[in-house]
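The values are calculated or read from the model by the stated rules, or taken from the named source; none is laboratory data. The structure presented is a predicted model; accordingly, all values stated were derived computationally and were not measured. All Cβ positions, glycine included, derive from the backbone under ideal geometry; neighbour counts span all protein chains shown. Remember, those area values only see protein heavy atoms, side chains included, never the ligands or the DNA or RNA. Shrake-Rupley method; radii C 1.70, N 1.55, O 1.52, S 1.80 Å.
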Amino acid sequence: MKLVELVGQNIANRRKLLGLSQKELATRLGITQDALNRMEKGRIAPKMGRLEDIASHLKCTVPFLFRRESEALQERAATIADILATLPPGGQEALVNLVADAARVMNFRKD
């Protein structure tokens, strides 16, 4: 996958996760919906000066926009590990069980 496609896919995925339409995000960025659509499809690259604005509106960092899925997954795992490290052993076990239960519910709803 080309870098421009990766960035576009990350923008689209993050936008959808936040429940924003293309039109909403495009308006916030001061660009046309068509431009955002082409950006998300990897047909055009966002201007370097616009990356911070895009990241800000998507509530993420600029480096996040360049991450491959495997890197994003590793970052999420590290975040959970950081949270676990602040808890006593009993709290760690409880949180792991809570996450496992939530994952089962989410996978069940997906089917």
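Quick notes
- Where Leu98 falls short, out of the listed (1) among the hydrophobic types (A, V, I, L, M, F, W, C); (2) open to solvent by 90 Å² or more (accessible area, probe 1.4 Å); (3) modelled with pLDDT of 90 or more; (4) within 28 Å of Arg50 (Cα to Cα): (4)
- Residue in the stretch 35-42 that is free of Cβ contacts under 8 Å to residues at least 12 places away in the same chain and either over 23 Å from Val99 (Cα atoms) or open to solvent by 70 Å² or more (accessible area, probe 1.4 Å) (or both) present: yes
- Residue count for the stretch 63-95, restricted to those that are within 30 Å of Val4 (Cα to Cα), open to solvent by 80 Å² or more (accessible area, probe 1.4 Å) and aliphatic (A, V, I, L, M): 1
- Number of positions in the stretch 30-51 that are in contact with a helix residue (DSSP H, G or I) (Cβ under 9 Å, 6 or more places away or on another chain), farther than 23 Å from Met1 by Cβ and either in a helix (DSSP H, G or I) or among the acidic types (Asp, Glu) (or both): 1
- Within the stretch 1-30, the set of residues being buried (at least 18 other Cβ atoms within 10 Å of the Cβ), more than 19 Å from Phe66 (Cα to Cα) and in contact (Cβ under 8 Å) with a residue 12 or more places away in the chain comprises Gln22 only.
- Filter result (on the phi < 0 side of the Ramachandran plot, in contact (Cβ under 8 Å) with a residue 40 or more places away in the chain and open to solvent by 40 Å² or more (accessible area, probe 1.4 Å)) within the stretch 43-62: Ile44, Ala45
- Qualifying residue in the stretch 72-87 (condition: in contact (Cβ under 8 Å) with a residue 24 or more places away in the chain and not in a helix (DSSP H, G or I)): no
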